[in-house]
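Reviewing the structure listed below.
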Amino acid sequence: FDIHGGGMDLQFPHHENEIAQSEGATPGPFVNYWVHNGFLNVDNEKMSKSVGNFFTIRDVLKRYDGETLRFFMIRTHYRSPFNFSDTNLDDAGNPLRRLYTALDGIGRESAEQTLDWSEPRAAAFRAAMNDDFNTPGAVAVLFELAGELNRSRSPRDATLLRSLGATLGLLQQQPRAYLQGGSGLDPTEIERAIDRRRVAKQSGDFATGDKIRKELAAQGVVLQDSPQGTTWVKG
């Protein structure tokens, strides 16, 4: 194995026995790198079948999308204790949406370049990942880049953000599709409501326009007005 994982509770002589058995049966070294992850806690209590707080990733994916779960997990360094709760997982969706919001409305470069690791922001990302898989540090670089992207609206910055995100398995969906996903409403009906609001505002009926906005907001739909028209995202 190149990388062998295990829990922090695997103390001597656990790995030594593994090495003795495996290298006694096969030629060459057994493992190049040993990494030990912090305990997985559920609502601040260690996950255990005996306690009854045990569940699988399949269980979680019935309620949350995979990218939100991935982002939730990589925000914590693998050596640190990881506390799983519905509240923490719900909260993880908000910063991920901030990254997708930064990418929203920016087209891809006509010919996206191979990632240049000498670029300062890419170099900072790589340095974090080379520092014992410091994924929280790498994610911090993504947010710094997203802040710059919000100001520059540069396709080059957007390409860099997507490319660095891809290293962690993030930000590969279409931003608008991600931001509108999970609303539980028919997009066609939402667009019809937006059209009704636009007609009402054009005729000076601002009360109806405000009512439509509030009705959509109550259903988890947030309208975004701009000179180019009105779009929506899941609230």
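The values are calculated or read from the model by the stated rules, or taken from the named source; none is laboratory data. Just so it is clear, the structure is predicted and the values come from calculations on it, not from any experiment. Neighbour counts run over all protein chains shown; Cβ positions are idealised from the backbone, glycine included. Note: areas computed on protein heavy atoms with side chains; ligands, DNA, RNA excluded. Shrake-Rupley method; radii C 1.70, N 1.55, O 1.52, S 1.80 Å.
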Counting only heavy atoms of the protein chains, get the accessible area per residue of the chain (1.4 Å probe) and round it to a whole Å² value.
59
Expressed in angstrom and rounded, the centroid-to-centroid distance over alpha carbons for the stretch 34-104 and the stretch 158-235 is 27
Trypsin sites (Lys or Arg not before Pro) in the stretch 152-208 lying in a DSSP loop, each with at most 14 other Cβ atoms within 10 Å of its Cβ, come to 153
Taking the Cα centre of the chain as the origin and placing charges on Cβ (Lys, Arg +1; Asp, Glu -1), which of 209, 60, 101 is farthest toward the positive end of the dipole?
209
Round to the nearest 0.05 the FRET efficiency obtained for residue 25 and residue 54 when R0 = 30 Å and r is the Cβ-Cβ distance.
0.40
Point-charge dipole on Cβ atoms (K/R +1, D/E -1) for the stretch 148-235, about Cα centre, debye to 20
160
How high is the relative contact order of the chain, in percent, with contacts defined as C-alpha pairs under 8 Å that are six or more residues apart?
14
Between residue 2 and residue 189, what length in nm is gained on full extension when 0.36 nm per residue of separation is reduced by their alpha carbon distance?
62.1 nm
Two decimals is fine: what is log10 I(q)/I(0) at q = 0.11, 0.15, 0.16 Å⁻¹ for the chain, from a Debye sum with one equal scatterer on every Cα and no solvent?
-0.77, -1.14, -1.21
Using heavy-atom solvent-accessible surface (probe 1.4 Å) with all chains present, what is the largest-first order of 232, 34?
34, 232
Nearest 10 degrees, 0 to 90: helix 86-103 Cα axis against the chain principal axis
60
Between residue 203 and residue 150, 0.36 nm times their residue separation minus their Cα-Cα distance comes to what?
15.7 nm
Length-normalised contact order for the stretch 108-181 - Cα pairs under 8 Å, 6+ apart - percent
27
Rounded to the nearest 20 debye, dipole of the chain from Cβ charges on Lys, Arg, Asp, Glu:
1000
Keeping the other protein chains in place, figure out the carbon and sulfur percent of the accessible area of the stretch 29-169, with a 1.4 Å probe.
51
Of all DSSP beta bridges with both partners in the chain, the antiparallel percent, nearest 5, is 50
For residue 166 and residue 132 in the same chain, what is the full-extension length gain: residue separation times 0.36 nm, less their Cα-Cα distance, in nm?
10.4 nm
